[in-house]
Each structure stands twice: as C-alpha cells, then as structure tokens.
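Below is one structure, written out as structure tokens; the observations come after it.
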Amino acid sequence: MLTELTNGAPPSALQAALEEQLSGADRAWLHEALAEAEAEAEAEAAEARAKAGAEVPEPVDRNRAQWPLPTWEIRFAEAGRHCHPARRTAQEDPSTPSTPATAAAPCTPAAPDAQDLADAARVLLLHAVRADLDTTTRLYSHGTAAERRAVLLALPHLSAVTTPAGSALPLVEDALRTNDTRLVAAAVGPYATQHLDQHAWRHAVLKCLFTGVPADAIDGLSRRARADSELARMLRDYAAERTAAGRPVPDDLHRVLVLTALPDPAARPDTTARVEITADPTEES
Amino acid sequence: MRIFDPHIHMTSRTTDDYEAMYAAGVRAVVEPSFWLGQPRTSPASFFDYFDALLGWEPFRASQYGIAHHCTLALNPKEANDSRCTPVLDALPRYLVKDSVVAVGEIGYDSMTPAEDTALAAQLQLAADHGLPALVHTPHRDKLAGLHRTIDVIRESNLPPDRVLLDHLNETTVKAATDSGCWLGFSIYPDTKMDEDRMVAVIKDHGTGKVLVNSAADWGKSDPLKTRKVGDALLAAGFTEDDVDQVLWRNPVAFYGLSGRLRLDVPDAPEPLHEGNSILRGGE
Ligand SMILES: [Zn+2]
C-alpha cells in the first residue's frame, strides 16, 4: 500500500502512512531529517533571491567529490537504516542484525515493507528539499540502487522544480536500460507516462514483461496501451518467440494485449490491432 | 548449516556460483572492493565499481536468496598509483551508504610510503564513519607486513576490536591474536589456507573472533570453501554450535559493529522463477 502511495499520493498522505509504520525513534529521525531538508530548501531559496539579477551562476560539476555532504543528503543516504518497520524494532535492538534461531530456517522472515519505508522516507526528503534537476541528477548518479529508485519515485512530485518539463527523463531512460527490476519498476511511474515518447514507452512495457516486472507497476497502462497496434504487434511477436522456444508466455502479456485492442476513446483509427489470444477484457482493473 | 562468507568478490563470479552457494547454506556475503586484475586509470572507474557493489551486485545476490553487503576502499595495490589516489577524497560520500558495513580492503601490498598514507587515512575514515575496517595482510613478506599493519592500527583512532585482519595463517595468527583484532582466514586453493590447516588452527586457537572466508575472486578459487571448512570442523569433532559461531555468528558480530547489517533477505531464491532478469540476461 505504501508503494502505491509513493507513486503519486500527496506528500502529506505519504508521510502519515509512513509514520504509522515507524517506531518512535525512527519517527523522530524522520521529523528531524525533514526539518533539515526544509531548512535547506529555505536557505537555497533565500540565496536565489539574494542572487536574483546577479551574474549567471557557475555550472555544477556533477562529478566533483563533495564533502562534507549537506546534512539532508546524509539523511537521504541513511534512510534504509532508520526506517525499520515498527514491529521489528519493537522487539529487537535495531543496531544488531536479526539472527536466525535455527539452522533449518537460516534467515528471519523478511520484513516485507522495509524497502517501501525507505522509499517513502527518501521521496518525502526530496519533496521537502524541493530537489531540482541538478540535485535529482546528482543524487541519482551518486546513488545506490535504493537511492536511485527513490529519485525515480519522487519525480512526479518534483515536476514544478525539475524544469523544463520532462528534463529529468534521462534518469528514467537510464533506469530502463538496467536489468535491475527494482529500478525498472520505479521508472514506469507517472513521470514516464507523461514524458516518454510512444516508442520508448512500448519498449518499457516489453522490458517489464521481459524482466518479470508486474504490468500493474506500469502507470497509465490501460490508457496508453489502448488502440496501440504497434505495441500489440510487439507483444504478439514476443509471445511467438516464447512459444517457439517452448517457454510459457507471461500472463501479463495477454492482459496488455487485451488492452491494446480496446477502442481509442479519441477514435484514433485502429486498423491492425487484433486480439489473437482470447481473454476477458474486464479482468483489467 | 547457515553460512556468512565475510570476504568474497562476487563481481567476478557467475550466477551458477550464487546458486551453488545458496544450496551449500550461504545466506549472506560481504564483498570487499579490491583490485580487479586489470589496473584502473581514473577515479571514475572506481566509482562505477562502487556503484556496482551498491546496486547491481546486491540485486543479483537477492535473486538467489543471499543478503549482500560491501566494504569500500582504495585497495593497497592501487594506493600506489597517483591516477587512483583521488578516490580517497570521494570515499566519504560512499561510506554513508546503507549497505556499506566496513572500510576495506585496506592494508599493505608492497609496504610503500603511499600505502602507509592510504592505510592511515582510511583507518581514520572508518573511525569517522562509525565503521569497522577490513585489513588485508600482505601476501609477500607477510609476518613483517603484519607487524607493521598492527603498528599503524595502534597509532590510529580505530580500536583493534573494530579491525578484522585477513588472510592470516599459521605464521601470523599469534601476533594477530595478541593485537586484539578479529582474525580472518581465507581458504583459497594453492596460495592461502586450506580446510585441514584451518581446522588445526581452530584446534589451537579456538573459535573466538575467528572468521573464515573463501576470498573467491577471478583467480583459481572456490566460493564453497566456507562450507567445506564447516564440514571439516564437524568431521574433526567440533559441534554444530562451534561451526555456527565461526561461519555465522562471528561475521554477524563483526560487521554488525557498523549498525548497518540487514539480514532479512528475500523469501526464496528465484533462479527457478520464470521472468528473472538475470536468467534472461543478454539483451
Ligand atoms: Zn579480497
């Protein structure tokens, strides 16, 4: 549920949902980190006002080694070790790793939402600091996979400051080139829906099917797939390739194919899309 | 048998290795940054490598049900190359990352002044970041190298109980034990320790503060050596609890000093699962 929230809900709702899951100490960490990020945003805004009308600012060298990091960036990096699900930290000292009790069950059950909590905290931090194009690009290029994922998830919240519109698209394109399904899933959110051209978007859909990212992760799927005969052709070709190799066709492929056959509400002429694999269009939700 | 390999270079290994390691009981690894065999010519080359240890490699490991952490550093060999030393200035921004559980591998290779500088600077970085340090002991002139290493650690701000001295053997274990550091042994065909010698060392020195690793990399090495040591210990009459201490609890305790160890690995290994991006690789 937190994942869905991360992907588009207003920050206040995201923060409320996150706080519900955190222990007291982690909640205190989050409040302090967000306050630091807001203070940073205020300081930068004040600096920008003071400089208004002055000479052009020096370009940022993104490869420059920056130390010390602004405090909020350290908070951004360490979010994963400060956002444990509350039920876990309630019974364990968070500074010591969980150790399995028996040899038969060598690892404690995964805390299923630990990654979601870190994602949410990082998205909130990026929103609080009003991360612009330079900042998002720097954090992405210096980031771990988890940090990159958070930058991607935050992009829809940062449209007002990552100007001009669509300028953060290279980050989405970078993520779509990886084979890390966590990054691919985060890349196909509302920002991609809004800014990826149709060719790149089709390849993103195919990549999700190819790497096992659930089609549900693709924002705006039913709207964008509708009446897309070229996407339908790509899906059928992929299905044929899988079938020829004796491999199963992913269920999600059938689902997307059904979507491509739905009529375009704007009555775009659709000459080629034909559903060859029967499926119930109502199963789309 | 649950196994934590505290020193293995998975970047150089295949997915078959991950699968075999999981089957042998490996559930957690630490991958230290090291020399890649081919010299690097710029800091940017290190940054791509660090990014891989913080991104792609943990993802690969997770696909096979194995928790992956790393240690980052400028390695001793390349500490001598002025094209690489600017890496030291960039390390702080990497050392704050969630899955970095130590500074390493640092230490001596040829015992040069440049290595002195890099070792001292990186022990300080470990102290500054609340991280322990993984210190490699040199392959050549090992005993003299160990003494010099211990001297530098004593002069540093990092207490010895936050240092793991690695690649130890029969000739260095005594001095290493006396130093108060943790003791690492690499079971590596031909050049380092083997299983039977390892059992003999543990018979003499006990299981306290002893860590066993495969140090598997691009050389002739075996990522299942940890398991083979576990089997050899049991065959020699050690208890399952002794084996668990050496192969799991000691590495958990040492890297747990970072406060960043997360052992909640994904549910099941997924190599059998259709739709795995690694199986589908070659795009
Ligand atoms: Zn090594």
Can you check how the C-alpha radius of gyration of the stretch B:129-277 compares to 2.2 N^0.38 Å, as a plain ratio? 1.12
Output field shielding_mean for B:251-263 (other chain Cβ, 10 Å radius) holds 4
Let me know the mean shielding of A:205-211 by other chains, meaning the per-residue number of their Cβ atoms within 10 Å of its Cβ. 2
Relative to the compact globular guide of 2.2 N^0.38 Å, what is the alpha carbon radius of gyration of the stretch B:1-136, as a ratio? 1.04
Relative contact order, percent, the stretch B:1-156 [alpha-carbon distance under 8 Å, six or more residues apart]: 19 percent
Over the C-alpha atoms of the stretch B:78-186, what are the Rg and the largest Cα-to-Cα span, Dmax, in Å? 13.2, 38
For the pairs B:LYS77/B:LYS228; B:LYS97/B:LYS209; A:LYS207/B:LYS228, note any where the Cα-Cα span goes beyond 32 Å. A:LYS207/B:LYS228
Give me a comma-separated list of calculated 3J(HN,Hα) values for the stretch B:215-224, in order, Karplus coefficients 6.51, -1.76, 1.60 applied at θ = phi - 60°, integers in Hz, x for any Gly or Pro. 6, 4, 8, 7, x, 5, 8, 9, x, 9
Would you please put B:129-136, A:136-143, A:216-223 in order of how densely packed they are, using the mean number of other Cβ atoms within 10 angstrom per residue and starting with the highest? B:129-136, A:136-143, A:216-223
Multiplying the sequence separation of A:LEU69 and A:ARG233 by 0.36 nm and subtracting their Cα-Cα distance, what value in nm do you get? 54.2 nm
Within the stretch B:1-88, report the trypsin sites (Lys or Arg not before Pro) that DSSP leaves as loop and that have at most 13 other Cβ atoms within 10 Å. B:ARG83
For chain B, what's the radius of gyration and Dmax over Cα atoms, in angstrom? 17.8, 54
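Every number in this text was worked out from the coordinates using simple rules, so none of it is lab data. Keep in mind the model is a prediction, meaning the values are calculated, not measured. With ideal geometry, Cβ positions are generated from the backbone for all residues, glycine too; neighbour counts draw on all protein chains shown.
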